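Written below as structure tokens is the structure these notes are about.
The values are calculated or read from the model by the stated rules, or taken from the named source; none is laboratory data. Note that this is a predicted model, so its numbers are computed, not measured. Every residue, glycine as well, gets a Cβ built from its backbone with ideal geometry; the counts of neighbours run over all protein chains shown. The accessibility values were calculated without ligands, DNA or RNA, using every heavy atom of the protein model including side chains. Shrake-Rupley method; radii C 1.70, N 1.55, O 1.52, S 1.80 Å.
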Amino acid sequence: MENGAVYNDTTEPEAKAPRRRPFGCTLKNLWGWRLPAKVVQAILSFVAVVCEELVDDCNRCSGLYFFEFISCSAFLLSLLILCVYCTDLYGSLGKEKVEKL
């Protein structure tokens, strides 16, 4: 009796690897009104950064520097949120860690 015949009948067939989307993009975690809201938030915060950079001369620049910090932070964080929720990173990290973050 050959070992190959015994094992061939009882083993499961080899499963195919699941197809991956390009760059792991998925919209299942950010659906409904949330996706357009986050995209609009990223666009508006980018416009705020650009508008702030257009200012050449100011008398009291402390408010302008604060606005620059806030608008740049909002832009980077909104991009981070879009990247986490719209890629496979959300599944890799886990729902609890993402919500805690």
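Would a scan of the stretch 71-83 turn up a residue that is modelled with pLDDT of 90 or more, more than 17 Å from ASN29 (Cα to Cα) and in contact with an Asp or Glu (Cβ under 7 Å, 6 or more places away or on another chain)?
yes
In the stretch 81-92, what residues are assigned to a helix (DSSP H, G or I) and touching a Leu at 6+ places or on another chain (Cβ under 8 Å)?
Step one: of the stretch 81-92, the residues assigned to a helix (DSSP H, G or I) are 81-85, 89-92.
LEU82, CYS83, VAL84, TYR85 - these are the residues of the stretch 81-92 that are assigned to a helix (DSSP H, G or I) and touching a Leu at 6+ places or on another chain (Cβ under 8 Å).
I'd like the full set of residues that are assigned to a helix (DSSP H, G or I), open to solvent by less than 60 Å² (accessible area, probe 1.4 Å) and not small (Gly, Ala, Ser), limited to the stretch 51-80.
Quick first cut of the stretch 51-80, residues assigned to a helix (DSSP H, G or I) only: 51-53, 62-80.
Subset that is open to solvent by less than 60 Å² (accessible area, probe 1.4 Å): 52, 63-64, 71-75, 78.
Correct list: GLU52, LEU64, CYS72, PHE75.
Taking the stretch 55-69, which residues are without any contact (Cβ under 8 Å) to a residue 12 or more places away in the chain and in contact with a helix residue (DSSP H, G or I) (Cβ under 8 Å, 6 or more places away or on another chain)?
Initial filter on the stretch 55-69 (without any contact (Cβ under 8 Å) to a residue 12 or more places away in the chain): 55-63, 65-66, 69.
Once the filter is applied, which keeps residues that are without any contact (Cβ under 8 Å) to a residue 12 or more places away in the chain and in contact with a helix residue (DSSP H, G or I) (Cβ under 8 Å, 6 or more places away or on another chain), the stretch 55-69 yields VAL55, CYS58.
With (1) open to solvent by less than 100 Å² (accessible area, probe 1.4 Å); (2) modelled with pLDDT of 80 or more; (3) within 22 Å of VAL39 (Cβ to Cβ) as the list, and LEU89 as the residue in question, which single condition is left unmet?
Condition not satisfied by LEU89: (2).
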